[in-house]
1. What is the spin-label model distance, in nm, from residue 77 to residue 94 if the labels are put 7 Å beyond Cα along the C-beta direction?
2. For residue 51 and residue 103, calculate 0.36 nm times their separation in residues minus their Cα-Cα distance, and state this gained length in nm to one decimal.
3. Highest mean first, what order results for 96-105, 59-68 on Cβ atoms within 10 Å?
């Protein structure tokens, strides 16, 4: 199966979710499971990846906010495909979990309250 077919299939699923990418989890969640494909008798897992604008829409933040976080070393781990940044769903979830923990540590309530 060609890789481009897999990408087109995932893009089609995202397009079916509508133009609003707000609560994308309902649509993108079905893409979170790795797809296995056989290539020359080697099985590899392909995990879908979001572009920077897709991630920004999913998180309801500007693309510039994500660029700023990444330049400060606090953003999600990504990789480039040509000139575009891509972010794996597993990396996004891990990054969000790290941010939740860090935020919880900064805003701990005193024990007496």
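1. About 0.3 nm separates the two model spin labels.
2. Length gained, residue 51 through residue 103: 16.2 nm.
3. Descending mean neighbour count gives 59-68, 96-105.
Just so you know, all these numbers are worked out from the coordinates, no wet-lab data involved. This one's a predicted model, so the numbers in the text were calculated from it and none came from an experiment. A quick note on method: Cβ atoms are made from the backbone with ideal geometry, for glycine too, and the neighbour counts reach across all protein chains shown.
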